[in-house]
1. Would you tally the net charge around Pro130, using a Cβ to Cβ cut-off of less than 14 Å, leaving Pro130 out, and scoring K and R as +1, D and E as -1?
2. How far apart, in nm, are two points set 7 Å out from the Cα along the Cα-to-Cβ line at Ser12 and at Leu77?
3. What FRET efficiency comes out for Ser274 versus Ala164 if R0 is 30 angstrom and r is the Cβ-Cβ distance? Round to the nearest 0.05.
4. Before anything else, pin down the relative contact order of region 406-467: Cα pairs under 8 Å, at least 6 apart, normalised by residue count, whole percent.
5. Given only helices, namely DSSP H runs of n ≥ 4 each adding -39500 (n - 2.57), what is the per-residue ellipticity at 222 nm of the chain, to the nearest 500 deg cm²/dmol?
6. As a test of the definition: which semi-axes, in Å, follow for region 121-190 when you take the square root of five times each eigenvalue of its alpha carbon gyration tensor? Largest first, please.
7. Can you tell me the dipole magnitude for region 221-275 around its Cα centre, using point charges on the Cβ only (Lys, Arg +1; Asp, Glu -1), in Debye to the nearest 20?
8. Past the 26 angstrom mark, what percentage of all C-alpha to C-alpha distances in region 222-374 do you count?
Amino acid sequence: MGRTLAQKIWDSHVVHRADGEPDLLYIDLHLIHEVTSAQAFDGLRLAGRGVRRPDLTVATEDHNVPTLGVSGPGLPLTGPGSPVTDPVSRVQVETLRKNCAEFGIRLFPMGDAGQGIVHVISPQQGLTQPGMTIVCGDSHTSTHGALGALAFGIGTYEVEHVLATQTLPQQPPAQMAVNVTGDLPYGVTAKDLILAVIAKIGTGGGVGHVIEYRGEALRNLSMAGRLTVCNMSIEAGARAGLIAPDDTTFSYLEGRPHAPRGAGWEAALDYWRSLPTDADAPFDREVTLDAAALTPFVTWGTNPGQAAPLTSSVPDPDTMDDAGDRATALRALTYMDLTPGTPLTDIQVNTVFVGSCTNGRLEDLRAAADVLRGKKVADGVRMLVVPGSMDVKAAAEREGLDEVFTAAGAQWRSAGCSMCLGMNPDTMAPGERSASTSNRNFEGRQGKGSRTHLVSPQVAAATAVTGRLTAPADL
């Protein structure tokens, strides 16, 4: 019987297997940041252990860092010259720096040319490669599956286990295929595709599974689009998301700083080409979507599964068959202050955010700038554009994208997680409403009492121009 892509990677990384026990997996790359690693390092000290493979561990500062006042590397964390004003954030960043220095771990500090969101910098530097196992104390580690890596988020105690042993005990997951047939229509993006998938299967539809995204629509996506799709696999409850490596993957990786070179590159290609799912490999569950039927999507509720085509209206909970769905939708509409039947394009926003590990790459910024070029952000709307890494920021500035945004009235920032979550200065006040290219629209995600609508970069830019949820085609 054939094996899936995920099963091939899993089987090749099993260090120990025994009946009644989880498999012990070898981990090829461990990514850390300032929020979920401090307790793990304390555990190492208490046990008198070191880091087993510091050369396979990479750290960056992303969640807590401000996106204003970052002029370059070597910025102080204390005193009047520090852009970090929140005391809790300062402690977390300081702690990461001390831990990385003590245990010999590579760190990309705030303002460094290599710094950025952990799930942006690893692929762009070629650290993420097909066939690898990758973990991070962050749920959106599934992003790296876009390059054919088996990548998943882990908890604090698991972070300590990987630091100490470079292995991790895990139960083998079930296998799920999401088949997207045909081509995406013009103006429909990877973000719309993954929101449509989650709306179809629900936020629990992938629980216990690794999702492999398949079909012509996925093969035709750029690497940035694939990263967006795999990034939000966790929002469907999946353990990880994967797309088989192909020529798009290889072209993206070739020449990157940590990609193989010379004979090593040719050997890597031979291995990577052996990874795609065998033709006779069975999946435990399969779901199919018609790409041609998709349109720009937007969330109306407080989880990513509460999404609908932008051309539709706020749903009426009374029309839902399931009592649990009705109760959840009613609570969501109360929090979001929305009335059933309201056209989604009538919903006004006062904040627009372009960025995050979902949509903070150069291609995303280009797409938003193309919509915004020659236009103005609407009165009363605050628009933040935050590159996913300092490398993306520099590339965007070489192309003049920063000038497009600032000319339109948007704020051009430095790299960081920013308004994806309320863990840094980029937040919203209670009652404020955003169109956000990030990945979560939970209650209070962007600030206590804030209301979030998840959208693509193109819809975000069009919304900034009109002040209400808008598709670019409607400008």
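Bear in mind that the values in this text are calculations on the coordinates, not laboratory data. Computed from a predicted model, the values in this text were never measured in an experiment. In this analysis, Cβ positions are derived from the backbone assuming ideal geometry, glycine residues included, and neighbour counts consider all displayed protein chains.
1. Here the count lands on -2.
2. 3.8 nm
3. 0.40
4. Relative contact order, region 406-467: 27 percent.
5. Dividing the helical sum by the residues of the chain leaves -9000 deg cm²/dmol.
6. For region 121-190, the semi-axes come out at 28, 15, 11 Å.
7. 140 debye
8. 48 percent
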